[in-house]
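The values are calculated or read from the model by the stated rules, or taken from the named source; none is laboratory data. Being a predicted model, the structure only gives us computed values, none of them experimental. For neighbour counting, all protein chains shown are included, and Cβ atoms are generated from backbone atoms with ideal geometry for every residue, glycine included.
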Amino acid sequence: MKETLNLALRLALICAVAALALAQIDGLTREPIAAAEARAQREAVKAVLPAFAELVIDTLSTDTGEVVYYSGLQNGAVTGCAFTASTRLGYSGLIEIIVGVDPGGKVTGVRILRHAETPGLGANYAAPKVLNRFYKDRELAGDWKVVKDGGPVDAITGATVTGRAIGDAIATGGRRYAADRDRIEARPAATAVDQEK
């Protein structure tokens, strides 16, 4: 009994020290990780939007939560708008993307922000050159089905599931953007966060 109690106390002490160490590490890494994620988001926005001088962030409340839109401005005129979209239809689950669209409704860029797709197959979509082929010269309101499903989008051979998922995310985000577009354009400019591209 005494030996069991002694082992339990030692285990509790080890757990307490480990918990304290993890809390300290979390405290030290939380801000740098958040800053790195913010930088990555900012770079993704710049990559998908046409040239702009000022970036305005606008957050809208919807029935499904908050949606953030990034509008690029040049001499007071909107050059494009970017928004995130996601789907759980990826081969390995969640895929989160950011989509840029010009005022005429043409897709100006797509970047994958987060995924867990298979390296060498679905993960190849993370390369901007591959994604460029996926969305180039396409309207946001168009058909985003892959060729294998009777649509016009050319998916990577062997990674059709990921292609379908990206198409689904673009289409879903596009419908949300179309529904919110009037509200975005009617709202006063929110916070300018970038003065150059």
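Among the residues of the stretch 118-136, write down those that are assigned to a loop (DSSP other than H, G, I, E, B) and under 22 Å from E43 (Cα atoms).
We begin by selecting, within the stretch 118-136, every residue assigned to a loop (DSSP other than H, G, I, E, B); these are 118-121, 127, 136.
Matches in the stretch 118-136: A127, K136.
Under 18 Å from I112 (Cα atoms) and either in contact (Cβ under 8 Å) with a residue 40 or more places away in the chain or small (G, A, S) (or both), is that true of V56? Outline the logic, then answer.
Working: under 18 Å from I112 (Cα atoms): no; either in contact (Cβ under 8 Å) with a residue 40 or more places away in the chain or small (G, A, S) (or both): yes.
The answer is no for V56.
Of the conditions (1) under 17 Å from V68 (Cα atoms); (2) modelled with pLDDT under 80; (3) in contact with a strand residue (DSSP E or B) (Cβ under 6 Å, 6 or more places away or on another chain); (4) not basic (K, R), G173 satisfies every one except a single condition; which number is it?
Result: G173 passes all but (2).
Please go through the stretch 143-178 and give me each residue that is at positive phi and in contact with a helix residue (DSSP H, G or I) (Cβ under 9 Å, 6 or more places away or on another chain), ordered by number.
Kept after step one, since they are at positive phi, are these residues of the stretch 143-178: 150, 158.
Answer for the stretch 143-178, where residues must be at positive phi and in contact with a helix residue (DSSP H, G or I) (Cβ under 9 Å, 6 or more places away or on another chain): just G158.
Here are some residues: A38, A51. Which one is surrounded by fewer than 17 Cβ atoms within 10 Å (Cβ to Cβ), modelled with pLDDT under 80 and either over 20 Å from G163 (Cβ atoms) or of a type in the set (A, V, I, L, M) (or both)? Spell out the reasoning first.
On the way: A51 fails: modelled with pLDDT under 80.
Just one listed residue meets the conditions, A38.
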